Amino acid sequence: MKKDITTEEDVKLLVNTFYNHVNEDELLSPVFNGFAQINWQHHLPIMYSFWSSLLFGSMAYKGQPFPKHLRLPIQQEHFMRWVVLFTQTIDELFEGPKAEEAKQKAKSISRIFQMRMGLLSILDQEV
C-alpha cells in the first residue's frame with residue numbers, strides 16, 4: 001500500500017518525479033527545455049513551494065503562475081498531457097485523500113489556465 005502526500009519531502013518527491021517525466025515527454029519537453037529553457041535548479045524549488053502551498057496551506061509560494069504561461073506555445077493537448085503525467089506520477093507514488101486532492105487541483109489549474117488563455121470555453125468543461 002502506498003502512503004498519502006503528508007510531508008514536504010513527499011511534495012519534493014512528487015515534483016521531482018513529475019518533472020523527470022516531463023523532461024522525457026515528446027510533447028512537453030520541447031516547451032520546457034526548448035522554448036522556455038527552464039533552469040531546473042531554480043524552477044524546482046518554486047514548484048515545491050507552489051504545491052506545498054496548495055496542499056498544506058503553507059503560504060510558501062508568493063508568485064503568480066499564470067502570466068508566465070501566456071508566452072508559451074501551448075495548446076489544449078499540452079495541458080491534457082500535463083494533467084495525464086501529473087496524475088500518473090501521483091498514482092505511481094501515492095494514494096489517499098491528499099493525493100486525490102492534488103490530482104483535482106491539477107485538473108482545476110489546467111482548466112482555469114486554458115479558459116484564461118482562450119483555449120477552453122465554459123461549454124467545453126467536464127462536469
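The values are calculated or read from the model by the stated rules, or taken from the named source; none is laboratory data. Predicted model only: the values in this text are computed from it and were never measured. We place every Cβ from the backbone using ideal geometry, glycine too, and count neighbours over all the protein chains shown. Side chains are part of the model used for accessible areas, which takes the heavy atoms of the whole protein and leaves out ligands, DNA and RNA. Shrake-Rupley method; radii C 1.70, N 1.55, O 1.52, S 1.80 Å.
Under a 1.4 Å probe, what is the accessible area of the chain per residue, stated in Å²?
Result: 59 Å² per residue.
How long is the gain from M59 to D4 if the chain were fully straight, where each residue apart is worth 0.36 nm and the alpha carbon distance is subtracted?
The span from M59 to D4 would gain 17.7 nm if fully extended.
Send over the semi-axes of region 2-42's equivalent ellipsoid, whole angstrom and largest first, taken as the square roots of 5 times the C-alpha gyration tensor eigenvalues.
Value: 24, 12, 5 Å, ordered largest first.
With each label point set 7 Å from Cα along the Cα-Cβ vector, what nm distance links M115 and F66?
Taking the simple label geometry, M115 and F66 are separated by 1.0 nm.
Multiplying the sequence separation of E24 and Q88 by 0.36 nm and subtracting their Cα-Cα distance, what value in nm do you get?
Stretched fully, the E24-Q88 segment lengthens by 21.6 nm.
Summarise the accessible area of the chain (1.4 Å probe, protein heavy atoms) by the percent that is carbon and sulfur.
Roughly 57 percent of what the probe reaches on the chain is carbon or sulfur.
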